[in-house]
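Reviewing the structure listed below.
The values are calculated or read from the model by the stated rules, or taken from the named source; none is laboratory data. Since the model is a prediction, treat every value here as computed from it, not as a measurement. For neighbour counting, all protein chains shown are included, and Cβ atoms are generated from backbone atoms with ideal geometry for every residue, glycine included. For accessibility, only protein heavy atoms count, side chains too; no ligands or nucleic acids. Shrake-Rupley method; radii C 1.70, N 1.55, O 1.52, S 1.80 Å.
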Amino acid sequence: MSLLTPAAVGGPALAQERRLVTEIPGPRSRELAERRRGSVAGGVSTTMPVFAAAAGGGVVVDVDGNSLIDLGSGIAVTTVGNAAPRLVEAVSAQLAAFTHTCFMVTPYEGYVAVAERLNALTPGDHEKRTALFSSGAEAVENAIKIARAYTRKNAVVAFDHAYHGRTNLTMALTAKNQPYKSGFGPFAPEVYRAPLSYPYRDGLSGAAAAERAISAIEKQVGAENLAAIVIEPIQGEGGFIVPAEGFLPALVEWARANDVVFIADEVQSGIARTGAWYASDHEGIVPDLVTTAKGVAGGLPLSAVTGRAEIMDAAHAGGLGGTYGGNPLACAAALATLETIEQENLIERATAIGELVTGRLGALQQRDARVGEVRGRGAMIALELVDPATQEPDAALAKAVAGAAQSEGVIVLTCGTYGNVLRLLPPLSIPEELLAEGLDVLDRAFEVIK
Ligand code: PLZ
């Protein structure tokens, strides 16, 4: 894997090193945490106890001067690196020109240019249209509005372990009660759940898992009532679950035969993260609608629904929109992000990162039976941690290892329905040595925690 200089992709010229100059959290972070306790709603929680001051390449520098290795990318957002140079330049120019007009009032070219780019990059070469929004949840909600308008049907199927957001409709689609849903109902009606393909836990082939899901859908919902199936091609929050080969194509085929819109939620898996523009590309599927967010704009809030022109155009004029959807700064950021991915060959780099990480974690699995499975694609790789005797999920171990790595200056996130998955989502701008050092720290955490 070639080393990229942070100047080419990563952002501010920060030393690309792990550097601990205080305990974690340091005194300034502790002071800010105290202010936060008195000012920020308690329902908003945080993985790391440190406050950020700067970030770029593969590091986040905190307010005490500690430099942390970033293996989280702000939950899969800063794919091109934090404050990536092209992005800073493009957004700064846009900032000086105009910050907002509202695309629904006086449109601007950036929005159209992003739509053109996403129409070209999403799977399939059919005629497409795009609508822009601000958050991933909003994109998913709009995809469902569009599917309902097109099919004139109501029901929606989501899957076990799914995560689609925190708004009312997307909470209904999201599977996990804690922390996402508990106490926040009632939820949107006409949402049904089907069993996923989870090879490590169900041992089913893709075909068998698809048959099980389709049978449940036909018996419990009925294609005649079903507007859409929404699924993450690789589940994110649910545990980086890669379905067995053939599962997704079988669902797409069934949906197409039954006038059901197939929506791929690629909010986390899209935009170069998995070593392809979209995770759907690995499966050879062409979704009817695709949702994009997170990595598309390097941290500025932008999301999109892209899909078949006849489906996208089914919503009446004025039926889609929002004050900030496709904000000009976010569009400038997206265009710069997509250019960076192409110019710096970041799709290939995601694949190379995947090989390096999978190799290292595979070796760890050989040594440590608590690593039940290493899975994922490209720079979206996870470890499922279990009791070696029973394969029961070990959430306490995931929490302990992540906590130990964090105290040693490495940002590692957990996920999974059972909370027992460690996930790695490094920025694609991370220098190779730094990534390797982050993995060394993780290795040591497994040695220390017995
Ligand atoms: N769809 C597949 O991964 C966001 C959530 C973090 P928003 N995932 C991170 C948290 O705890 O809130 C996500 C996703 C998939 C939709 C979303 C929602 O995207 O931009 O957070 O609304």
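For the options Asp281, Asp125, Asp313, a Gaussian network treatment of the chain with springs between C-alpha atoms closer than 10 Å singles out Asp125 as fluctuating the most.
If you take every DSSP beta bridge fully contained in the chain, what fraction is antiparallel? Give it as a percent rounded to 5. Don't jump to the answer; show the numbers that get you there.
Working: 32 of 49 bridges.
Of the beta bridges lying entirely in the chain, close to 65 percent run antiparallel.
For Ala55, the amide hydrogen comes within under 5 Å of the amide hydrogens of Val61, counting only partners 5 or more places away or on other chains and with H modelled in the peptide plane. Of all lysines in the structure, those lying under 30 Å Cα to Cα from Lys219, and not within fewer than 8 positions of it along the same chain, are Lys145, Lys153, Lys176, Lys181. Both radii come from the Cα set of the chain: Rg as radius of gyration, Rh as Kirkwood radius; their ratio Rg/Rh reads 0.96.
Dimensions of region 1-155 based on its C-alpha atoms, expressed as ranges along the principal axes with the largest first, amount to 58, 41, 36 Å.
Coupling constants for region 42-50 follow from the phi torsions by the Karplus curve (6.51 cos²θ - 1.76 cosθ + 1.60, θ = phi - 60°), and in residue order they are x, x, 8, 10, 9, 6, 9, x, 9 Hz; glycine and proline get x. On full extension, the segment bounded by Glu342 and Ala223 gains 38.8 nm, given 0.36 nm per residue less the C-alpha separation.
Share of antiparallel DSSP beta bridges in region 87-343, in percent to the nearest 5? The partial results should precede the final answer.
On the way: 10 of 25 bridges.
The answer is about 40 percent antiparallel.
Global size of region 83-143: 13.7, 37 Å for Rg and Dmax (C-alpha atoms, Rg to one decimal, Dmax whole). Taking every alpha-carbon pair within region 330-450, the share separated by more than 27 Å comes to 22 percent. Under 5 Å from the amide H of Asn66 lie the amide H atoms of Val21, each residue being 5 or more positions distant or on a separate chain, with H modelled from the backbone and absent for Pro and chain starts. Whole-Hz Karplus values for region 245-257 come out as 4, x, 5, 5, x, 5, 5, 4, 4, 5, 4, 5, 6 Hz, taken residue by residue from phi with 6.51 cos²θ - 1.76 cosθ + 1.60 and θ = phi - 60°; glycine and proline positions read x. In this structure the chain gives 39 Å² per residue of accessible area when probed at 1.4 Å with all protein chains present.
For region 191-277, the pair-distance distribution built from all alpha carbon pairs, in bins 5 Å wide starting at 0, is 3, 15, 24, 26, 19, 11, 3, 0 percent.
Taking θ as phi - 60° and the Karplus parameters 6.51, -1.76 and 1.60, the scalar couplings of region 390-400 work out to 10, 6, 5, x, 10, 5, 5, 5, 4, 5, 5 Hz in sequence order, x denoting glycine and proline. Which residue, Pro287, Pro393, Pro426, tops the fluctuation ranking in a GNM of the chain built on C-alpha contacts under 10 Å? Taking springs between Cα atoms under 10 Å, the residue moving most is Pro393.
Tell me, rounded to the nearest percent, the portion of alpha carbon pairs in region 87-343 spaced more than 23 Å apart.
On the way: 15982 of 32896 pairs.
Here the long-distance tail beyond 23 Å is 49 percent of all Cα pairs in region 87-343.
Give me the extension gain from Glu245 to Ser215: residue separation times 0.36 nm, minus the current Cα-Cα distance, reported in nm with one decimal. All intermediate terms of the calculation are to be shown ahead of the outcome.
Values: separation 30, 0.36 × 30 = 10.80 nm, distance 1.86 nm.
Stretched fully, the Glu245-Ser215 segment lengthens by 8.9 nm.
Placing R0 at 25 angstrom, the Cβ-Cβ distance between Arg30 and Gln178 gives a FRET efficiency of 0.35 after rounding to 0.05.
Annotation for Ala54 and Arg19: the two label points, set 7 Å from Cα along the Cα-Cβ direction, are 0.9 nm apart.
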